[in-house]
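The values are calculated or read from the model by the stated rules, or taken from the named source; none is laboratory data. Since this is a predicted model, take the numbers as computed values, not measurements. No Cβ is skipped: glycine too gets one built from the backbone with ideal geometry, and neighbour counts run over all protein chains shown.
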Amino acid sequence: MIGRIGYGESCQGMLNYVFGKEGMRILGYGNMYSQDISQKFFGRVLHFQGQRNATKNRYVHITLNLPLGEHLDDWTFQAVSREYMAQMGYGGQPYAMVRHTDTGHEHVHIITTNVDDDGKVLGIFNSYRRNVAIQRYLEKKFGLSPSPRTRQQRELPILRSPELGFHLDPAQGTKFYLQDVLNGILQKHKVRSFGELAKLVRPYHIQVRETKNISGGIGVAYGLDNQKGYRTRFINGSTVHRSLSGPKLQKIFEANSRSKLLPMHRKRILKQIEITYGLFKTIRPKELAAVLKEYQDIDIKLDRKGDVIKGYTIHDRSGYMFTERELGQNIRMENQADIFGNGDEPTEIDTDSRQFAIEIQKLIKEAFRTSHLKSPERHGLLSESIMTKNLMDILPYIATSKSYIFLERHLPGSQKGLLRKALEREFPTVRDGLFQLETKKEMETLEGKFNLIGKVLEKGIFDVGMEQGSVRLLFQALGVKYHDNQLSCANSNRHTVTVRLGNLPFPKAMEQYVSSGFVRQNHSVLELLAEKNSENGPKLTASAFFLPMIFPKLYEKMDPVYQKQYENVALGSYVKYAEGMHAPYEKSPKDYIAFFNAKGFYFTRTENSFEIKSIYTDKGTSRTLSKKTALYLNSVPDLSKTLNEQHTVIDGLVKDGRDHLKKLWAGHLMEREMYHRVAFMLTVEKVYPNLHPEMVQHHMDNGLRKSVGQAIKRQSNIQQNRLLRKGVYAISSLLGKGQEKVYNGFRDEFTDYSKYKGRGMSI
């Protein structure tokens, strides 16, 4: 579902547009004395209340749009609309809910005012964030399809132009229709000219006419045609809306044209199209859009004149539009007659082309990497794995890849066996080249870890001693090992760096297994701390917050100054992650606070903003929230009371012994839907997540309950096996048989720790 909010100084155009559509149905009214009132009466009430304040954006127009093909009955859509208004803060205002049927997308229009009975403007801040949060909440509550996460993925409903209605002003309805469509287009696309704008609005029956006034200033006028042949007069852009006037649009066009990213996008697309042309011998023009979409993920629209395809326009994911002519003469279809021919030849790959050989090489390289990652043992480095495999070993990974399927589908019918021959031909060369490349990268990585260790020790980030062997904790946390004055990778002896440290003893406590994901994240943290300008250092993920849990003995030895730096950046990385995870459940700023409180985080108000702290870090460690988030939290009516209530939750977590990172980690895995790991922690380790009950309930319904049931059943079988082993051993002792033989005979998969090491503790 997509919710859109617009504001206006007048309500008449909104009323005419919403109530004037053919086939419209009024679902109901909010906060009116009766549901059986006239449209005219509602309009007077809305107008009267809105005019109590002189603010320009006094009237609010909301649309709730379902994805194409999704359906809700009137009663459910009304319930969705009422809850949306309540959660947005408009629940006490007069409003009308009207359903339109003029598009393929089912949608409801809601008209209200943000001026209350006392003539004050409602204190609703950060309406965009609230809108997104409530959308996601309603999607989950009513089982709706989630809205696209990027603007470019969103489909604007194809609206039909307003009809002439009885006792309605068509010009006013038309004006609002133009606002609705044009604003949507300008949000989704980075338009650079009136010509581009005209192309984009054509499916919506809108005409764009560039004008000039007497003094030579640029203007714009809009008009439209509907399916009944009615044509409006052209309306000046400033009359439609001040932001849609010619000078305003010209500034937008110029800003989009001056963007430093524009040449980069143009160069990227040109390269992608040239590569596509280089792969194919022939392309049927009408299949070009499908080929570019599958091969390069490029969206194009073919330019037709009757049945003849004259070219195409690229609609890039960046929001920009490009034509063939703009990108270069050599890619125009009319200049590529060898490829596009007369339009009747089938789409076929050129198996003799250089690009075909490159694609075969890419297939082999990717298969080597995939087979190594998916190997059950996964011992050693990629370079070691490469030289142990032949083509037959990696062929299953090649055959299931999207690239292979694409190539096979477009091979000439007489050359289907050529793909296998090409793989056999390129395999030795690719294997040798990849082996050399990975060998070089692995050695550089090891040397980089060696240099980083030197910087960390030089700066004294950790108080590690050579005598006690504590420096080995640092080695382990960076995925390396030390033996006989040689530093090597933790899982391989292939590469070494000479480090003369003598005989280092092992610390008393060493982790037996550390996930490679945590090793990478720890490497990024230490790089950031070792650099003078940490702001330009590597970006951390939420998992950085859990490093003291993974490497407790090492982080206990962290210098207090560096510890505060680490906690600050790690806290920031986790907060950013958590905000995204909370969004589907968040209905208000109070929810924002409550969800963080349940996880062990709390907020304090400063003079100009808010700071967030946690029960897992030093009390002095905090992170300042953004200005937008501060405005969002300030919109809570009883903010002081809400902030004071935090202490009850936080103190309860500490009292119950839930101030351990492992509790938060269980919730982290649950949010990422790694239910098998969570189930193991719940049943075997008795670790319960610090997470809001609403979120826990969602995950239980989403699959966690099933995983927990499976884990309990497995644990029950393990206990039965243990009892059985004891019984068998008792009987065997009487018969004079050895313990080890009987034990091995009844060993189960959980007996050996190495088979489940790190379960629930890896990223």
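List pairs: first in region 30-41 and aliphatic (A, V, I, L, M), second in a helix (DSSP H, G or I), Cβ under 9 Å, 6+ apart or cross-chain?
M32/F41; M32/F42; M32/V45; I37/V45
Go through the residues of region 145-166 one by one and say whether even a single one is under 35 Å from the mean Cα position of the chain (by Cα), farther than 30 Å from Q39 by Cβ, modelled with pLDDT of 85 or more and assigned to a helix (DSSP H, G or I).
no
Please go through region 376-386 and pick out each residue that is part of a loop (DSSP other than H, G, I, E, B) and touching a residue at least 24 places away in the same chain (Cβ under 8 Å). Don't jump to the end; show me each part of the working.
Of all residues in region 376-386, those part of a loop (DSSP other than H, G, I, E, B) come to 376-381.
Within region 376-386, H379, G380, L381 meet the criteria.
Is there a residue being in contact with a Ser or Thr (Cβ under 9 Å, 6 or more places away or on another chain), assigned to a loop (DSSP other than H, G, I, E, B) and hydroxyl-bearing (S, T, Y) anywhere in region 387-406?
Yes, the conditions are met somewhere in region 387-406.
Could you grab me the full set of residues in region 596-618 that are over 19 Å from G657 (Cα atoms), at pLDDT 90 or above and not polar (S, T, N, Q)?
F603, R605, F610, E611, I612
Kindly state which helices (runs of 4 or more DSSP H) lie completely within region 262-375 and contain at least 3 residues that are more than 23 Å from R409 (Cα to Cα) and among the hydrophobic types (A, V, I, L, M, F, W, C).
Details: elements: 262-279, 288-296, 324-327, 337-340, 354-373.
Helices (runs of 4 or more DSSP H) meeting the threshold: 262-279.
With a cut-off of at least 3 residues that are outside the structural domain of K686 (by TED's automatic domain parsing) and within 30 Å of V121 (Cβ to Cβ), name the helices (runs of 4 or more DSSP H) lying wholly within region 568-675. Spell out how you get there, then give the answer.
Working: elements: 589-598, 627-634, 639-655, 661-671.
The helices (runs of 4 or more DSSP H) meeting that bar are 589-598, 627-634, 639-655.
Hey, can you tell me all the residues within region 442-484 that are under 30 Å from E366 (Cα atoms), β-branched (V, I, T) and assigned to a loop (DSSP other than H, G, I, E, B)?
Scanning region 442-484 gives no hits.
Checking the condition surrounded by 13 or more Cβ atoms within 10 Å (Cβ to Cβ), within 22 Å of L292 (Cα to Cα), in contact with a helix residue (DSSP H, G or I) (Cβ under 7 Å, 6 or more places away or on another chain) and not assigned by TED's automatic domain parsing to the domain that holds L302, which residue from L363, L381, L327 passes? Can you show your working first?
Working: L381 fails: within 22 Å of L292 (Cα to Cα); L327 fails: not assigned by TED's automatic domain parsing to the domain that holds L302.
Exactly one residue qualifies, and that residue is L363.
Can you tell me which residue is surrounded by the most Cβ atoms within 10 Å (Cβ to Cβ) among those in region 107-131 that are at pLDDT below 85 and either out of contact with any strand residue (DSSP E or B) (no Cβ under 7 Å at 6 or more places or on another chain) or under 14 Å from L46 (Cβ atoms) (or both)? Before you say what the answer is, go through the steps one by one.
Here is the first cut: in region 107-131, the ones at pLDDT below 85 are 122-131.
Right, trim to either out of contact with any strand residue (DSSP E or B) (no Cβ under 7 Å at 6 or more places or on another chain) or under 14 Å from L46 (Cβ atoms) (or both) and you get 122-126, 128-130.
Details: L122: 18, G123: 12, I124: 13, F125: 17, N126: 18, Y128: 9, R129: 18, R130: 22.
Checking each candidate, the answer is R130.
Determine if region 133-141 includes at least one residue that is at pLDDT below 70 and acidic (D, E). Please lay out each step first, then the result.
The first filter runs over region 133-141 and keeps only residues at pLDDT below 70, leaving none.
No: zero hits.
Of the numbered conditions (1) charged (D, E, K, R); (2) closer than 24 Å to Y585 by Cα; (3) buried (at least 16 other Cβ atoms within 10 Å of the Cβ), E70 satisfies every one except a single condition; which is it?
(3)
Could you run through region 180-228 and say how many residues are touching a helix residue (DSSP H, G or I) at 6+ places or on another chain (Cβ under 8 Å) and not in a helix (DSSP H, G or I)?
Result for region 180-228: 17.
Can you name every one of the strands (runs of 3 or more DSSP E) wholly within region 46-140 that holds 3 or more residues which are among the polar types (S, T, N, Q) and either farther than 19 Å from P637 by Cβ or out of contact with any helix residue (DSSP H, G or I) (no Cβ under 9 Å at 6 or more places or on another chain) (or both)? Working first, answer last.
Numbers: elements: 59-65, 95-100, 107-113.
Output list is empty.
Scan K281, K293 and give me the residue that is over 29 Å from A198 (Cα atoms) and either touching a residue at least 40 places away in the same chain (Cβ under 8 Å) or surrounded by 12 or more Cβ atoms within 10 Å (Cβ to Cβ) (or both). Lay out the reasoning, then the answer.
Working: K293 fails: over 29 Å from A198 (Cα atoms).
Going through K281, K293 in turn, just one is over 29 Å from A198 (Cα atoms) and either touching a residue at least 40 places away in the same chain (Cβ under 8 Å) or surrounded by 12 or more Cβ atoms within 10 Å (Cβ to Cβ) (or both): K281.
Give G469, G479, G502, G517 a once-over and let me know the one that is over 29 Å from S371 (Cβ atoms) and either exposed (fewer than 13 other Cβ atoms within 10 Å of the Cβ) or in contact with a Ser or Thr (Cβ under 9 Å, 6 or more places away or on another chain) (or both). Spell out the reasoning first.
Working: G469 fails: either exposed (fewer than 13 other Cβ atoms within 10 Å of the Cβ) or in contact with a Ser or Thr (Cβ under 9 Å, 6 or more places away or on another chain) (or both); G479 fails: over 29 Å from S371 (Cβ atoms); G517 fails: over 29 Å from S371 (Cβ atoms).
Selected residue: G502, the only one of G469, G479, G502, G517 that is over 29 Å from S371 (Cβ atoms) and either exposed (fewer than 13 other Cβ atoms within 10 Å of the Cβ) or in contact with a Ser or Thr (Cβ under 9 Å, 6 or more places away or on another chain) (or both).
Could you list, in sequence order, all residues of region 624-648 that are free of Cβ contacts under 8 Å to residues at least 60 places away in the same chain, surrounded by fewer than 17 Cβ atoms within 10 Å (Cβ to Cβ) and under 27 Å from V569 (Cβ atoms)?
Listed by number, the residues that qualify are T624, S626, K627, H647.
What single numbered condition from (1) out of contact with any Ser or Thr (no Cβ under 6 Å at 6 or more places or on another chain); (2) part of a helix (DSSP H, G or I) fails to hold for T439?
(1)
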